[in-house]
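Enquirer: One structure is given below, represented as structure tokens, and several questions about it will come after.
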Amino acid sequence: MSGDQPAAVRFEGVSKSFGDHVVLDDVSFEIPAGSAFCILGRSGTGKSVTLKQVIGLIQPDSGRIFIHGQDITGMESRDLTEVRRKMGFLFQDAALFDSISVGENVAFPLRRHTDLPNHEVLARARAKLKDVGLEEAFGQMPSELSGGMRKRCGLARALALDPDIVLVDEPSAGLDPITSGEIDQLLIEQRREGVTLIVVTHNIPSARAIGDELALLHEGHLVAQGTADELDASREPIVQAFMRSRGT
Ligand SMILES: Nc1ncnc2c1ncn2[C@@H]1O[C@H](COP(=O)(O)OP(=O)(O)OP(=O)(O)O)[C@@H](O)[C@H]1O
Ligand SMILES: [Mg+2]
């Protein structure tokens, strides 16, 4: 997080509409490399759209998005694939491939993006599953996993290529507090190892535990950004309402 290192992610005046529905209106923020940034906001405020813009799956209508100082706005798909290779993402629904085993799910990005020999791919997939406490599930099918196990498998897959930036969309949704706490710990470990984290969550205790900074999206704008203590001290009613809630 030195001063001369470019931010891992920078949004500069990003706006995005779908039809006449303005989702993001001139949103700017910066996430220092190696820090953890939690995005909060009510349902439908554009949190997932924000994450999808970070990985270039959705392009902004205006504004610019920089990854490690590199402008990815309007970038060609081949270059974008290269940038994306350094990012791991866990979508809201874990999105595992149901027709292949848990181990092959984690191996998938390795097969797709590296030339590693099969035994090495499998060894790495196994190691990533071990990191999330799922080693024994290597040969199982995703349908045999619980919700929390699916999330952990999705996380192992997101981490398969040792990404610099990890994006996670609602890691604790639908999980009991203990399992959700375990996922938080896995994310905190990644952050400790120098990974930049962007976590979308409705779970305020999680955001407090994980985030160096929290940002609140509301009606197209980033209405607050700061440490949990700074947001706690905010006088904005919407910020207060969020910070005092227990989340889901
Ligand atoms: N590909 C798309 N085409 C059209 N509208 C979209 C598309 N993706 C998202 N939207 C709209 O953009 C708005 C923001 O969606 P988004 O998925 O980012 O919400 P969210 O903050 O992640 O909500 P939740 O907490 O429920 O996951 C919603 O109104 C949604 O319907
Ligand atoms: Mg969402």
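The values are calculated or read from the model by the stated rules, or taken from the named source; none is laboratory data. Note that the coordinates shown come from a computational prediction; the quantities given were computed from them, not determined experimentally. As a convention, Cβ positions derive from the backbone with ideal geometry for all residues, glycine included, and neighbour counts pool all protein chains shown. Side chains included, ligands, DNA and RNA excluded: accessible areas come from the protein's heavy atoms. Shrake-Rupley method; radii C 1.70, N 1.55, O 1.52, S 1.80 Å.
Enquirer: Between S146 and E236, what is the label-point separation in nm under the 7 Å Cα-to-beta-carbon projection?
Expert: Between E236 and S146, the label points sit 3.7 nm apart.
Enquirer: Rolling a 1.4 angstrom probe over the protein heavy atoms, how many square angstrom per residue are accessible across the chain?
Expert: Numbers: 11710 Å² over 248 residues.
With all protein chains present, the chain gives 47 Å² per residue.
Enquirer: Find the centroid of the Cα atoms in region 4-18 and in region 190-230, then give the distance between the two in whole Å.
Expert: 16 Å
Enquirer: With a cap of 13 neighbouring Cβ atoms within 10 Å, and only residues DSSP puts in a loop, list the GluC sites (Glu not before Pro) found in region 169-200. Before the final figure, lay out the partial values.
Expert: Working: sites: E182, E189, E193; in loops: E193.
Passing sites in region 169-200 are E193.
Enquirer: Which value in deg cm²/dmol, rounded to the nearest 500, describes the helix-derived mean residue ellipticity at 222 nm for the chain, given -39,500 (n - 2.57) per DSSP H run of n ≥ 4 and division by the residue count? Please list the in-between numbers first.
Expert: Values: 9 runs with 90 residues, N = 248.
Dividing the helical sum by the residues of the chain leaves -10500 deg cm²/dmol.
Enquirer: Sequence gap at least 6, Cα distance under 8 Å: using those rules, report the relative contact order of region 100-162 to the nearest whole percent.
Expert: Dividing the mean separation by the residue count of region 100-162 yields 50 percent.
Enquirer: Give the accessible area for H202 in Å² (nearest 10); use a 1.4 Å probe, count only protein heavy atoms, and leave out ligands, DNA and RNA.
Expert: We get 50 Å² for H202.
Enquirer: Let me ask something else about it. Which log10 I(q)/I(0) values, to two decimals, does region 56-141 give at q = 0.27 Å⁻¹ under the Debye formula with one point per Cα?
Expert: -1.34
Enquirer: Report, in listed order, any pair from K16/K151; K52/K130; K130/K151; K47/K128; K86/K128; K52/K128 with a Cα-Cα distance greater than 21 Å.
Expert: Values: K16/K151 29 Å; K52/K130 28 Å; K130/K151 14 Å; K47/K128 27 Å; K86/K128 16 Å; K52/K128 24 Å.
Where the Cα-Cα span goes over 21 Å, the pairs concerned are K16/K151; K52/K130; K47/K128; K52/K128.
Enquirer: For E189, what is the net charge nearby, where nearby means another residue's Cβ is under 12 Å from its Cβ and Lys, Arg count +1, Asp, Glu -1?
Expert: Details: positive: R191, R192; negative: D131, E182, D184, E193.
Around E189, the charge tally is -2.
Enquirer: Give me the percent of accessible area attributable to carbon and sulfur for the chain, probe 1.4 angstrom. List each step's numbers first, then the result.
Expert: On the way: 5540 of 11710 Å².
Of the solvent-accessible surface of the chain, carbon and sulfur hold 47 percent.
Enquirer: Fully extended, how many nm does the chain gain between H113 and Q5 (0.36 nm per residue separation, minus their Cα-Cα distance)? It would help to have the intermediate numbers written out before the result.
Expert: On the way: separation 108, 0.36 × 108 = 38.88 nm, distance 2.65 nm.
The H113-Q5 span can extend by a further 36.2 nm.
Enquirer: Using only the alpha-carbon atoms of region 100-162 as identical scatterers, what base-10 log of I(q)/I(0) does the Debye formula give at q = 0.15, 0.20 Å⁻¹?
Expert: The computed values of log10 I(q)/I(0) come out as -0.36, -0.63.
Enquirer: Could you grab the relative contact order for the chain? Cα pairs under 8 Å, six or more apart, rounded to a whole percent. Mind showing how you got there, number by number?
Expert: Numbers: 472 pairs, mean separation 60.7, N = 248.
In percent, rounded to a whole number, it is 24.
Enquirer: Please identify which residues in region 134-157 have an amide N closer than 12 Å to a label point set 7 Å out from the Cα of E193, following the Cα→Cβ vector.
Expert: 156-157
Enquirer: At a 1.4 Å probe radius, which order do D115, D98, D229, D25 fall into by accessible area, largest first?
Expert: Working: D115 155, D98 90, D229 115, D25 60 Å².
Descending order: D115, D229, D98, D25.
Enquirer: Mind jotting down the distance between the C-alpha centroids of region 31-80 and region 118-168, whole Å?
Expert: Computed from Cα coordinates, the inter-centre distance equals 24 Å.
Enquirer: Between beta-carbons, use under 14 Å as the cut-off and find the net charge around S17, counting Lys and Arg +1, Asp and Glu -1.
Expert: Details: positive: K16; negative: D20, D25, D26, D61, E219.
Neighbourhood net charge equals -4.
Enquirer: Cα axis of helix 118-131 to longest principal axis of the chain: angle in degrees, 0 to 90, nearest 10?
Expert: For helix 118-131, the angle is close to 50 degrees.
Enquirer: What Rg and what Dmax come out for region 171-248 when only alpha-carbon atoms are used, in angstroms?
Expert: 12.7, 36
Enquirer: Give, in whole angstrom and from largest to smallest, the semi-axes √(5λ) of the equivalent ellipsoid of the chain, with λ running over the eigenvalues of the Cα gyration tensor. Walk me through the numbers before you get to the answer.
Expert: Details: eigenvalues 170, 95, 53 Å².
Over the Cα atoms of the chain, the ellipsoid semi-axes are 29, 22, 16 Å.
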